[in-house]
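Have a look at the structure below, then the notes.
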Amino acid sequence: MLGYLVRRLAQAVAVVFAMSVIVFVGVYAIGNPIDVMIDPGATQEIRAKLIEQYGLDQPLWQQYFVFLANVAEGDLGTSMVYNIPVVDLVFSRLPATVELVLVSVTIAGVVGIPAGLYAGYRPDSIGAKAIMALSVLGFSVPTFWIGMLLIMAFAVNLGWLPSGGRGDVGEVLGLHTSLATADGWSHVIMPAINLSLFKMGLLIRLTRAGMVEAMSTDYVKFARAQGLPDRQIVFRHILRNISIPIVTVFGLELGSTLAFAVVTESVFNWPGVGKLIIDSILQLDRPVMVSYLIMVVILFVLINLTVDLIYARLDPRVRLKGGA
Amino acid sequence: MSDTATTTGGTLAVPSAAPAETRATRLRNFWSDYRRSPVAVVSLAVIVVLLFVSFGAPLVSPQDPYDMAALDWMDAFLGPGTVGSGGYVHVLGTDNAGRDMLSAIFYGLRTSFVIGLSAGALALTIGICVGLTAAYFGGRIEALLMRIVDLQLSMPAILLALVLVAVLGQGIGQIVLALVVAQYAYFARTTHGAATVERGKDYIEAARSTPLPTRRVLFRHLLPNVMPPLIVVATVQVASAIALEATLSFLGVGLPLTEPSLGSMISNGFKYIHTDRYWLSIYPGIFLMITVVAINLVGDQVRTVLDPRRSR
């Protein structure tokens, strides 16, 4: 197990380094950020001075090593647009994204799992068919379009909810969150529903598949023969048995929810990390792009690593094979 | 009686005639299974109609939305059903530049289809090559290729495409390239999975023992037998390529406004969301939704029909 762990860790580090080079070179190729930053009327002197200040006159490999050295010291550079350290910038935006993701994941679970259970329990009923049709919609219709429809319906036509922004931020136990105020909730609910739909579709399908399979197993037949009420069979026996794959997939999907937040945050003008990366791409804010991308790579490599290690722990074949 | 014997067992006697006949029969069987779902048949019909109006856009649309000379700013923001200066009814209204929405949607749909289909075809080709190579050769090549594929699969396609488009710049070619890089991994994984199962079977072993070149064994013997799951993945991936392109264009990193796609039209209409000019964003969105959902429903039915576990 230890040998496997060391090998996998080395691989993960290698992947992060390889990706950091790719990201750095890729972002470098996008264009000269100086052209975007200063107004075209600025003199050559100001231009040259700025280029020197940001170290853009040095060869690429040198810039990369300067970047690596800075990262080692916890310095991811300074945003060229906001003029504050990228670390501070990302961490100031992170709470908004985390809160959005948490609310949407909760909605997906609270609605998706019971809906999936029902659809698997009575697969031929009209209700089950409607639920499955909705899950196909949640899966296939682009997120941004549903978000726009929500805004049109609930913000523009009905005027019930605000169309964007984060709203008032309150303080609970030292954490600043918009979930502490009623105004904050009115702002978070629509984007959270929007973000939850894809996950909800996935959950419904997973739960339904597990339920259908479980219904034909021997333990359910025996429980029935014992005369247990269906409610007890479903919630006490089946749910417990099918919850492991659901939780696994759901945990894996948490990472991709962060990615989808990019779209939802743009539609609802939600001041999170996703909005930040879109803005930085549009404004050629290189340090923010590079740092965000490398953070995402690290996040996904970590998720992968954790999953592999758990599997290796559970299944000896994986670790004996070497998993190279 | 003797007729059936030649088609099933007589392949040795007439090797060239038998495959063609079974292929036609297989297609007929497929169709008779497929049409059992009315929803899937309707979806297929919808796709055919959409393909026709999009690729026939110059013929069926009332106006050429790219022709700046034909546009009149006096026609801007006409509501659905209004008669414009051109003397015909703008069924779905006009946009801020006085463009007929219906025509723009047909042309935009064409862009979406071109991008979705070419990205899907390229990703399929590359994915097959990667997957077959990995499954056939095994060992270190397999480990390396599949590790890259798995790593890519763990990253959401939208994020990968977003980064690539940011790096590559705007334009149809760039978008297709970004989508191919983001999507080939799905095909590679599916091919590899199916091919690993097939590899162990006797007919591949037999083919390998002959002096046939590796390429021929791979593409003529192995590939046809791993095709069914790939067809399903391909349908789903075309739909998701179209949706991804629309999303990227909506976020402002996809196609420039000079090459209108459904995504950039919706993005344009989004600016007017707080006015009562709903038609600028609603109609292109409805066409996008219908396209994507129809392709997915067809894919669902194809999956059901091709599922080997399904009892006949």
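The values are calculated or read from the model by the stated rules, or taken from the named source; none is laboratory data. Because the structure is predicted, anything quoted here is derived from the model rather than measured. Because the Cβ atoms are built from the backbone with ideal geometry, glycine has one as well, and the counts that use them run over all protein chains shown. Side chains included, ligands, DNA and RNA excluded: accessible areas come from the protein's heavy atoms. Shrake-Rupley method; radii C 1.70, N 1.55, O 1.52, S 1.80 Å.
Check whether at least one residue in region A:129-146 is closer than 24 Å to residue B:295 by Cβ and of a type in the set (D, E, K, R), and report yes or no.
Scanning region A:129-146, I find at least one residue that is closer than 24 Å to residue B:295 by Cβ and of a type in the set (D, E, K, R), so the answer is yes.
Within region A:206-239, the set of residues being acidic (Asp, Glu) and either surrounded by 15 or more Cβ atoms within 10 Å (Cβ to Cβ) or farther than 19 Å from residue A:132 by Cα (or both) comprises A:218, A:230. Of all residues in region A:92-112, none are without any contact (Cβ under 8 Å) to a residue 40 or more places away in the chain, more than 20 Å from residue A:257 (Cα to Cα) and among the polar types (S, T, N, Q). Here is a check on your reading of the model: is residue A:260 modelled with pLDDT of 85 or more and in contact with a helix residue (DSSP H, G or I) (Cβ under 7 Å, 6 or more places away or on another chain)? Answer is no for this residue. So which residues in region B:140-187 are over 20 Å from residue B:264 (Cβ atoms) and within 16 Å of the chain's Cα centre (by Cα)? Once the filter is applied, which keeps residues that are over 20 Å from residue B:264 (Cβ atoms) and within 16 Å of the chain's Cα centre (by Cα), region B:140-187 yields B:180, B:181, B:183, B:184, B:185, B:186, B:187. Could you say whether any residue in region B:228-242 is of a type in the set (A, V, I, L, M, F, W, C), part of a loop (DSSP other than H, G, I, E, B) and either in contact with a Cys (Cβ under 7 Å, 6 or more places away or on another chain) or open to solvent by 10 Å² or more (accessible area, probe 1.4 Å) (or both)? Taking every residue of region B:228-242 in turn, none turns out to be of a type in the set (A, V, I, L, M, F, W, C), part of a loop (DSSP other than H, G, I, E, B) and either in contact with a Cys (Cβ under 7 Å, 6 or more places away or on another chain) or open to solvent by 10 Å² or more (accessible area, probe 1.4 Å) (or both).
In region A:78-93, the count of residues that are under 30 Å from residue A:266 (Cα atoms) and either more than 27 Å from the chain's Cα centre (by Cα) or among the basic types (Lys, Arg) (or both) is one or more.
Any chance you could count how many residues in region B:27-48 are charged (D, E, K, R) and assigned to a helix (DSSP H, G or I)?
Going residue by residue through region B:27-48, those that are charged (D, E, K, R) are B:28, B:33, B:35-36.
Now drop any that are not assigned to a helix (DSSP H, G or I), which leaves B:28, B:33.
So the answer is 2.
The set of residues from region A:107-155 being among the β-branched types (Val, Ile, Thr) and within 14 Å of another protein chain (Cβ to nearest Cβ) comprises A:136, A:141, A:143, A:146, A:151. Scanning region A:135-155 for residues that are at pLDDT below 85 and open to solvent by 30 Å² or more (accessible area, probe 1.4 Å) yields A:137, A:139, A:153, A:154. Scanning region B:283-295 for residues that are open to solvent by less than 30 Å² (accessible area, probe 1.4 Å) and of a type in the set (A, V, I, L, M, F, W, C) turns up B:288, B:292, B:293, B:294, B:295. When the test is whether a residue is surrounded by fewer than 21 Cβ atoms within 10 Å (Cβ to Cβ) and touching a residue at least 60 places away in the same chain (Cβ under 8 Å), residue B:184 does not pass it. Quick check on region B:205-260: of everything there that is of a type in the set (S, T, N, Q) and closer than 30 Å to residue A:268 by Cα, which residue is farthest from the chain's Cα centre (by Cα)? Among those that are of a type in the set (S, T, N, Q) and closer than 30 Å to residue A:268 by Cα, it is B:258. A single member of B:200, B:171, B:252 is modelled with pLDDT under 85, out of contact with any Lys or Arg (no Cβ under 6 Å at 6 or more places or on another chain) and within 11 Å of another protein chain (Cβ to nearest Cβ), and it is B:252. When region B:264-294 is filtered for residues that are facing chain A (nearest Cβ under 8 Å) and part of a helix (DSSP H, G or I), the ones remaining, listed by number, are B:266, B:270, B:281, B:282, B:285, B:288, B:289, B:292, B:293.
For (1) modelled with pLDDT under 85; (2) closer than 30 Å to residue A:63 by Cβ; (3) more than 14 Å from chain B (Cβ to nearest Cβ), each residue gets a yes or a no:
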residue	(1), (2), (3)
A:182	yes, no, yes
A:199	no, no, no
A:212	yes, no, no
A:235	yes, no, yes
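Within region B:133-150, being more than 12 Å from residue B:189 (Cα to Cα) and either among the charged types (D, E, K, R) or assigned to a helix (DSSP H, G or I) (or both) holds for B:136, B:137, B:139, B:140, B:141, B:143, B:144.
Once region B:188-204 is narrowed to residues that are of a type in the set (D, E, K, R) and open to solvent by less than 70 Å² (accessible area, probe 1.4 Å), the residue that is nearest to the chain's Cα centre (by Cα) is B:198.
None of A:30, A:22 is modelled with pLDDT under 75 and either open to solvent by less than 50 Å² (accessible area, probe 1.4 Å) or within 13 Å of chain B (Cβ to nearest Cβ) (or both) except A:30. Check whether at least one residue in region B:250-263 is open to solvent by less than 20 Å² (accessible area, probe 1.4 Å), assigned to a helix (DSSP H, G or I) and more than 14 Å from residue B:108 (Cα to Cα), and report yes or no. So far as region B:250-263 goes, yes, one or more of its residues are open to solvent by less than 20 Å² (accessible area, probe 1.4 Å), assigned to a helix (DSSP H, G or I) and more than 14 Å from residue B:108 (Cα to Cα). Considering B:176, B:217, B:165, the condition of being within 14 Å of another protein chain (Cβ to nearest Cβ) and either part of a helix (DSSP H, G or I) or surrounded by 15 or more Cβ atoms within 10 Å (Cβ to Cβ) (or both) is satisfied by B:165 alone.
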